[in-house]
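As structure tokens, the structure follows; a few thoughts come after it.
Rule-based calculations on the coordinates, nothing more; no lab input. Quick caveat, the model's predicted, so the values are computed rather than measured. A quick note on method: Cβ atoms are made from the backbone with ideal geometry, for glycine too, and the neighbour counts reach across all protein chains shown.
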Amino acid sequence: MATLGLLPTIGALGQPLDRLVGHDARSGRTVLDMRYAKWRGLGRGLGVHRSALFGVLHDAVVAERIEVVTGCTISGHEPGYLICGSRREGPFDLVVDALGATSPLRAMLPQARAPRPLNFGAIWGTVPWVDAGFERTALMQRYERASVMIGVLPVGRQSAGGPELASFFWSLRWREHEALVADGFESWRERVAGLWPETVPHLEALGSFDALSLARYQHYTAASPVTDGLVAVGDAAHSTSPQLGQGANMALLDARALTLALRMADVADALATYAWLRRWHVRLYQALSLWLTPAYQSESRVLPVLRDLAVPIAATMPPLPQLLAALVAGRLLDPFTALQLDAVQV
Ligand SMILES: Cc1cc2nc3c(=O)[nH]c(=O)nc-3n(C[C@H](O)[C@H](O)[C@H](O)COP(=O)(O)OP(=O)(O)OC[C@H]3O[C@@H](n4cnc5c(N)ncnc54)[C@H](O)[C@@H]3O)c2cc1C
């Protein structure tokens, strides 16, 4: 965002974050306390609403007078062309697939494989920011074993002058969603309020399940995100559960890598460079997400016990707090140098 000159705009909308803190809902014990400041020079996180991120990028596209064609559900790709139902759009020098985790263009990448559906997902919604019981600069979570995770993430404002907001999420096995809704909002509301009484104002603001979207996760890493005239970025190239909170960051890093690579004269060379620039960072985070997610979202009774024992100890044993901070900032196998990015403060 800084290299696009958009940091002041997104920085003014987002909410700077200093830490991620999680407590056991029953005992109140701290089972996660990660502070970005533990790693020198890491700066702060920035909680942003997805529509704020979209809005800032979209305004920049409009300001650059880049043509936007709407009303097209993309169903396929032929070298140089996009297929929108019965329509064929093109020719294009290069098609960038940024269609997210359900992209139909994934199937056109080399060694295409099916994504692995994950059992867990979440219902989530946007709620007004509430001061009582919450820290403005922290993502706060409550856990009950690994089967329940409730989170409140400050996300700042959707637009300048708008109200301050938070993202509210409740993890669940997505197959149980129908039964949860059938049981009624009131019964869920009581359960959540019992586990985390401070969320009562959030639950009142939500009012019904209509205000909550169901997200299902799937794990997928493209063997290669490039093929003839087509390149995948963001969730189209790699998707996973959002436990490490890296999806949007990864998409932005992909965009930066592609921008740098496309400075090369030859498109095929540029695409190979893009794939190489992102390869190891993406693979490391995809693997870490796959390994670490079950400690926070699974049916296991053993993993959360180990987590609750190990994490508080790890939090006091250098260099683990530092590594944890770098992990949740997306800075393990730091991509910044290769992508010619400077650390910026929000
Ligand atoms: C509950 C939840 C919590 C998350 N929390 C975090 C977090 O804390 N931090 C973080 O960094 N990430 C988080 N993520 C992940 C993050 O939202 C994604 O990684 C990120 O949005 C990926 O961006 P993208 O641009 O690649 O895809 P998307 O944001 O999915 O955008 C794809 C776009 O393409 C459009 N589209 C799709 N198919 C078609 C088609 N066939 N034709 C035309 N248009 C199409 C879609 O409508 C959408 O606008 C979370 C995700 C979920 C579900």
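Treat every Asp and Glu Cβ in the range 243-287 as -1 and every Lys and Arg Cβ as +1, leave all other atoms uncharged, and give the resulting dipole magnitude about the Cα centre to the nearest 20 debye. Each step should come with its number before you reach the end.
Values: 5 positive and 3 negative charges, 30 e Å.
Charge dipole, the range 243-287, about its Cα centre: 140 debye, nearest 20.
Mind listing the long-range amide H neighbours of Val95? Cut-off is under 5 Å, sequence gap 5 or more, other chains count too, H placed in the peptide plane at 1.01 Å from N.
Leu230, Val231
Convert each backbone phi in the range 64-76 into a coupling constant with the Karplus relation 6.51 cos²θ - 1.76 cosθ + 1.60 (shift: θ = phi - 60°), then list the ³J(HN,Hα) values in order as whole Hz, x for Gly and Pro.
Using θ = phi - 60°, the values come out as 7, 6, 7, 5, 10, 9, 10, x, 10, 8, 6, 10, x Hz.
Which ³J(HN,Hα) values in Hz, rounded to whole numbers, follow from the phi angles of the range 243-249 under the Karplus curve 6.51 cos²θ - 1.76 cosθ + 1.60, where θ = phi - 60° and Gly and Pro get x?
4, 8, x, 10, x, 5, 4
Can you tell me the orientation of helix 50-63 relative to the chain, as the angle in degrees between its alpha-carbon axis and the longest Cα principal axis, to the nearest 10?
Between helix and principal axis, roughly 30 degrees.
Could you state the number of Å between the C-alpha centres of the range 145-163 and the range 327-343?
Cα centres, the range 327-343 to the range 145-163: 25 Å.
Per DSSP H run of n ≥ 4, the term is -39500 (n - 2.57); total these for the chain, divide by its residue number, and report the mean residue ellipticity at 222 nm rounded to 500 deg cm²/dmol. Spell out each step's value before the answer.
Working: 9 runs with 113 residues, N = 346.
Value at 222 nm, helices only, nearest 500: -10500 deg cm²/dmol.
Dividing the Cα convex hull volume of the chain by residue count, how many Å³ per residue is that?
Working: hull volume 51.7 nm³, N = 346.
For the chain, the hull spanned by Cα atoms encloses 149 Å³ per residue.
Using per-residue counts of other Cβ atoms within 10 Å, averaged over each peptide, order 78-90, 143-155 from highest down. It would help to have the intermediate numbers written out before the result.
Details: 78-90: 14.0, 143-155: 21.2.
For the peptides 78-90, 143-155, the packing ranking is 143-155, 78-90.
Ranking request for peptides 269-281, 330-342: highest mean number of other beta-carbon atoms within 10 Å first, then the rest in descending order.
Values: 269-281: 18.2, 330-342: 14.8.
Going by the mean number of other Cβ atoms within 10 Å, highest first, we get 269-281, 330-342.
In what order do Leu203, Leu139, Leu323 fall by count of nearby beta-carbon atoms within 10 Å, going from fewest to most? Don't skip to the answer; put the middle values down first.
Working: Leu203 18, Leu139 24, Leu323 15.
Sorted ascending by nearby Cβ count, the order is Leu323, Leu203, Leu139.
Scan around Tyr217 for amide H atoms under 5 Å from its own, H built in the peptide plane at 1.01 Å from N, and keep only partners 5 or more places away or cross-chain.
Leu118
Using only the alpha-carbon atoms, how far is helix 302-314 inclined from the longest principal axis of the chain? Give it as 0 to 90 degrees, nearest 10.
With both axes taken from Cα atoms, the answer is about 90 degrees.
Can you list the residues, at least 5 places off or on another chain, whose amide H is less than 5 Å from the amide H of Leu32, using H built in the peptide plane?
Those lying under 5 Å, H to H, from Leu32 are Gly22.
Using θ = phi - 60° and the Karplus form 6.51 cos²θ - 1.76 cosθ + 1.60, what ³J(HN,Hα) does each residue of the range 86-92 get, whole Hz, x for Gly and Pro?
8, 8, 10, 9, x, x, 10
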